[in-house]
Ligand code: 6PG
């Protein structure tokens, strides 16, 4: 085997890694995989059926079996493991070899790794890959960042394995350095936001609409044939039909209401706060996962804190129609927030990101793929300098037509004490963004009152301070 020359190497043969290897193989390339676990290596070998793929537990053999300059992909958990793998690899590599980190690494780690490896003339790219296990196997959306000329050397393979929309690959070079991992982080923030909005929609349909799982399946399936068409709506419809293997119940009803997270949504929020970009739906989606984990406290509080009784909706059809509009409206605001963050990050970190390119490669393969992305793509093609998606010509009417729906839904949620904080944030973002005047003059006055922080005036240039008429 040591004399064979494989086109690519893959480190990390978990399901994602193995599926990506088979996908690459299906497009005519040969791949050698490496994993410390002999079980993973054996599984890879058996799944490949001896066709253009092999795998090994020997790093030495792995390195010697690849064409030079080597192209090595990593699909290992983000964090320290990535550094450990790079440190093991480094002494075995030659100049001009390329490492592509295809996991969900934090973009600041990607910058450090890039700089470190550049000192040894080893190329490094941070590559976001979205689409879960089936995406990896049959066509993910791929978000690469790093040196453009190095991307060009791997573009034919990445284009071949990526998802396609209208025969166009869902991959393109996004920008230098950590641009790819930044875009993937924002993708995940949007993913958190949309998932939370769908969960809140489920809550009100279940508690107020009193819909059965079978009906919920039908509602989401119908929505998936309309303007809400998207991967997350589609899988939600499926989920309501799944039976539990251990009991005769519907699986969704036996799953604990406490969501875990690997943290990428929170990373997006952290950086948005740092860059002073409002992304409230994503922030609240992160917070709601945190609140969901306080299961014990919530159960105790339910005995102490009261709210209105949830009544049965006597306008079930109206509620469903309003929710379709509300979800659509809110989804637009989440994409708007994510893209606004990308635009600010692009300036701040010199990524030179093109929102149209990003919307284009998110149309297929990834978790947030949705019919709406076609309009988002068109919006940024028509106006490359668009300040916010919500003011795009293609989007203004959609918001206008669906805003009554979100207002109707939120009134029902408030009257019945059903928490819909992400939906509220979506409408709050919209109503604030369209307010020519905001009460921030009062904030300025308060700051100057207690801390002499000064304020600006509407009628004069400069900063001013007042000796306020203090009553205490
Ligand atoms: C994707 C997903 C994926 C992510 C999972 C879990 O694009 O395929 O974003 O990368 O790891 O969705 O994320 P959480 O554990 O944070 O929910």
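Kindly indicate whether residue 66 is surrounded by 14 or more Cβ atoms within 10 Å (Cβ to Cβ), within 26 Å of the chain's Cα centre (by Cα) and within 24 Å of residue 136 (Cα to Cα). Please lay out each step first, then the result.
Working: surrounded by 14 or more Cβ atoms within 10 Å (Cβ to Cβ): yes; within 26 Å of the chain's Cα centre (by Cα): no; within 24 Å of residue 136 (Cα to Cα): yes.
Against the criterion (surrounded by 14 or more Cβ atoms within 10 Å (Cβ to Cβ), within 26 Å of the chain's Cα centre (by Cα) and within 24 Å of residue 136 (Cα to Cα)), residue 66 does not qualify.
Taking only the range 123-132 into account, find how many residues are over 12 Å from residue 158 (Cα atoms) and either in a helix (DSSP H, G or I) or within 12 Å of the ligand (Cβ to nearest atom) (or both). Before you say what the answer is, go through the steps one by one.
Step one: filter the range 123-132 for residues over 12 Å from residue 158 (Cα atoms), giving 123-126, 130-132.
So of that shortlist, the ones also either in a helix (DSSP H, G or I) or within 12 Å of the ligand (Cβ to nearest atom) (or both) come out as 130-132.
Summing the residues that are over 12 Å from residue 158 (Cα atoms) and either in a helix (DSSP H, G or I) or within 12 Å of the ligand (Cβ to nearest atom) (or both) in the range 123-132 gives 3.
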Exercise. Checking residue 112 against (1) closer than 25 Å to residue 345 by Cβ; (2) within 16 Å of the ligand (Cβ to nearest atom); (3) surrounded by fewer than 21 Cβ atoms within 10 Å (Cβ to Cβ), which single condition isn't satisfied?
Worked result: (2)
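Give the residue, chosen from 153, 120, that is part of a loop (DSSP other than H, G, I, E, B), on the phi < 0 side of the Ramachandran plot and either more than 16 Å from the ligand (Cβ to nearest atom) or free of Cβ contacts under 8 Å to residues at least 60 places away in the same chain (or both).
120
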Exercise. Quick one: is residue 135 buried (at least 21 other Cβ atoms within 10 Å of the Cβ), within 16 Å of the ligand (Cβ to nearest atom) and assigned to a helix (DSSP H, G or I)?
Worked result: yes
Exercise. Which of the residues belonging to the range 27-58 are in contact with a helix residue (DSSP H, G or I) (Cβ under 8 Å, 6 or more places away or on another chain) and either over 25 Å from residue 156 (Cβ atoms) or in a helix (DSSP H, G or I) (or both)?
Worked result: 35, 40, 43, 44, 47, 48, 56, 57
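Being part of a helix (DSSP H, G or I), crowded, with 16+ Cβ neighbours inside 10 Å, touching a residue at least 12 places away in the same chain (Cβ under 8 Å) and away from the ligand (no atom under 12 Å from the Cβ): is that true of residue 190 here? Before the answer, list the steps.
Numbers: part of a helix (DSSP H, G or I): yes; crowded, with 16+ Cβ neighbours inside 10 Å: yes; touching a residue at least 12 places away in the same chain (Cβ under 8 Å): yes; away from the ligand (no atom under 12 Å from the Cβ): no.
Against the criterion (part of a helix (DSSP H, G or I), crowded, with 16+ Cβ neighbours inside 10 Å, touching a residue at least 12 places away in the same chain (Cβ under 8 Å) and away from the ligand (no atom under 12 Å from the Cβ)), residue 190 does not qualify.
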Problem set entry | Leading residue by the ranking (surrounded by the most Cβ atoms within 10 Å (Cβ to Cβ)) among those in the range 413-423 that are out of contact with any helix residue (DSSP H, G or I) (no Cβ under 7 Å at 6 or more places or on another chain) and part of a helix (DSSP H, G or I) | 416
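So which of 385, 374, 347 is surrounded by fewer than 22 Cβ atoms within 10 Å (Cβ to Cβ), over 19 Å from residue 428 (Cβ atoms) and modelled with pLDDT under 95?
On the way: 374 fails: modelled with pLDDT under 95; 347 fails: modelled with pLDDT under 95.
Exactly one residue qualifies, and that residue is 385.
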Problem set entry | Among (1) under 30 Å from the mean Cα position of the chain (by Cα); (2) in contact (Cβ under 8 Å) with a residue 60 or more places away in the chain, the one test that residue 61 misses | (1)
Seminar exercise, completed: Looking across the range 138-148 at residues that are closer than 22 Å to residue 89 by Cβ and outside any strand (DSSP E or B), the single one that is nearest to the ligand (Cβ to nearest atom) is 146
Exercise. Mind checking which residues of the range 220-265 are within 16 Å of the ligand (Cβ to nearest atom), over 19 Å from residue 366 (Cα atoms) and touching a residue at least 12 places away in the same chain (Cβ under 8 Å)?
Worked result: 256, 257, 258, 259, 260
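The values are calculated or read from the model by the stated rules, or taken from the named source; none is laboratory data. This structure is a prediction, so every number in the text was calculated from the model and none was measured. A quick note on method: Cβ atoms are made from the backbone with ideal geometry, for glycine too, and the neighbour counts reach across all protein chains shown.
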